[in-house]
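Here's the structure we're looking at; comments come further down.
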Amino acid sequence: MTPVSVGQPAPPFRLPAAAGGELGPQDYLGKSNLIVWFTKGMGCPFCRQQMSQLARGYGRFRKLNAELLEVTVTKPERARFYARNFRLPFPYLCDPDYAARRAWGLDWRSHSPLWYASSFVAGARMPMPENDFGKFLPALGEWAGVLADDDMGFFILDRDGTVRHAVSGSYASAGGVHELPANDEIERVLERCERSAAGVPS
């Protein structure tokens, strides 16, 4: 499976949002730049840490005419729980059947029960990263998504829906969890998108 890459049009999708209604990239075409982040969601403590990072830069992203969609494997009823109990910083979308992930070329790998058991034990022994949402365990129904060996994806689209920045791969990297671009790097990409939309050479 080949992930969506720079220069390609972003595949459309429409997903339930934690705050109600449905959203997708096509809602922003011609209006704003868009960050699309595929993540395990609030049940994953490492994803909460990355949510905290992006939340701190969100105001600056918005000033560069950008919205951020977090696409998670969370089921809609659990997402509504998160929306009621936490201040979710940006739209939180539900893709529990992985349809949007597959459309964007993000992979999922199956393993033996022993692999999942080992992953659970290793995760339980790791210190929980600091984040702005607090420490809590996933709900029982979220463990499968948290332990799944699937890909993360981080994409920046211009107003025309063309991918201008793409990072994807397994959540687990050699140094730990696959990192996101720094907020300053994200801003630089968004600035280039804005200059391009204004006809200013990069």
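The values are calculated or read from the model by the stated rules, or taken from the named source; none is laboratory data. The model shown is predicted, which means the values in this text are computed figures rather than measured ones. Virtual Cβ from ideal backbone geometry, glycine too; neighbours counted across all protein chains shown.
Which of the residues that make up segment 65-76 are closer than 30 Å to Ala197 by Cα and crowded, with 18+ Cβ neighbours inside 10 Å? Step through it out loud before you land on a result.
Filtering segment 65-76 down to residues closer than 30 Å to Ala197 by Cα leaves 65-72.
Matches in segment 65-76: Ala66, Glu67, Leu68, Leu69, Glu70, Val71, Thr72.
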Which residues, taken from segment 143-202, are in contact with a helix residue (DSSP H, G or I) (Cβ under 6 Å, 6 or more places away or on another chain), farther than 21 Å from Gly7 by Cα and at pLDDT below 90? Leu147, Val177
Per-region count, segment 49-95, residues in a helix (DSSP H, G or I) and either modelled with pLDDT under 95 or not basic (Lys, Arg) (or both): 18
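I need a count of the residues in segment 23-37 that are outside any loop (DSSP other than H, G, I, E, B) and farther than 12 Å from Pro91 by Cα. Quick ask: steps written out before the conclusion?
In the first step, residues of segment 23-37 are kept if they are outside any loop (DSSP other than H, G, I, E, B); the result is 23, 25-28, 33-37.
Checking the rest, the ones that are also farther than 12 Å from Pro91 by Cα come to 26-28, 33.
The qualifying residues number 4.
Tell me yes or no: at least one residue of segment 113-128 is among the charged types (D, E, K, R) and modelled with pLDDT of 85 or more. First the steps, then the outcome.
From segment 113-128, those among the charged types (D, E, K, R) are 125; that's our starting set.
Pick out the ones that are also modelled with pLDDT of 85 or more and you get none.
No, the conditions are met nowhere in segment 113-128.
Rundown of residues vs (1) in contact with a His (Cβ under 8 Å, 6 or more places away or on another chain); (2) over 18 Å from His178 (Cβ atoms); (3) buried (at least 18 other Cβ atoms within 10 Å of the Cβ), yes/no style:
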{"site": "Gly20", "(1), (2), (3)": "no, yes, no"}
{"site": "Leu23", "(1), (2), (3)": "no, yes, yes"}
{"site": "Leu29", "(1), (2), (3)": "no, yes, no"}
{"site": "Asn33", "(1), (2), (3)": "no, yes, yes"}
{"site": "Gly41", "(1), (2), (3)": "no, no, yes"}
{"site": "Arg78", "(1), (2), (3)": "no, yes, yes"}
{"site": "Leu88", "(1), (2), (3)": "no, yes, yes"}
{"site": "Tyr92", "(1), (2), (3)": "no, yes, yes"}
{"site": "Leu106", "(1), (2), (3)": "no, no, yes"}
So if I check each of Arg62, Arg48, which one is without any contact (Cβ under 8 Å) to a residue 40 or more places away in the chain and either out of contact with any Cys (no Cβ under 7 Å at 6 or more places or on another chain) or crowded, with 17+ Cβ neighbours inside 10 Å (or both)? Arg62
Answer yes if at least one residue in segment 155-162 is among the hydroxyl-bearing types (Ser, Thr, Tyr), surrounded by 14 or more Cβ atoms within 10 Å (Cβ to Cβ) and out of contact with any His (no Cβ under 9 Å at 6 or more places or on another chain), and no otherwise. yes
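So which of Phe86, Phe81 ends up being more than 29 Å from Arg188 (Cα to Cα), in contact with a Gly (Cβ under 9 Å, 6 or more places away or on another chain), without any contact (Cβ under 8 Å) to a residue 60 or more places away in the chain and among the hydrophobic types (A, V, I, L, M, F, W, C)? If you could, list the steps in order and put the result at the bottom.
On the way: Phe81 fails: in contact with a Gly (Cβ under 9 Å, 6 or more places away or on another chain).
So the residue among Phe86, Phe81 that is more than 29 Å from Arg188 (Cα to Cα), in contact with a Gly (Cβ under 9 Å, 6 or more places away or on another chain), without any contact (Cβ under 8 Å) to a residue 60 or more places away in the chain and among the hydrophobic types (A, V, I, L, M, F, W, C) is Phe86.
Here are some residues: Tyr92, Tyr116, Tyr28, Tyr98. Which one is touching a residue at least 12 places away in the same chain (Cβ under 8 Å) and more than 28 Å from Phe136 (Cβ to Cβ)?
Values: Tyr92 fails: more than 28 Å from Phe136 (Cβ to Cβ); Tyr116 fails: more than 28 Å from Phe136 (Cβ to Cβ); Tyr98 fails: more than 28 Å from Phe136 (Cβ to Cβ).
Testing whether each residue is touching a residue at least 12 places away in the same chain (Cβ under 8 Å) and more than 28 Å from Phe136 (Cβ to Cβ) leaves just Tyr28.
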Test each condition in (1) free of Cβ contacts under 8 Å to residues at least 24 places away in the same chain; (2) closer than 30 Å to Gly30 by Cβ; (3) aliphatic (A, V, I, L, M) for Ala144 and report the one that comes out false. (2)
Within segment 96-118, residues being within 18 Å of Tyr171 (Cβ to Cβ) and either assigned to a loop (DSSP other than H, G, I, E, B) or of a type in the set (Phe, Trp, Tyr) (or both) number 11
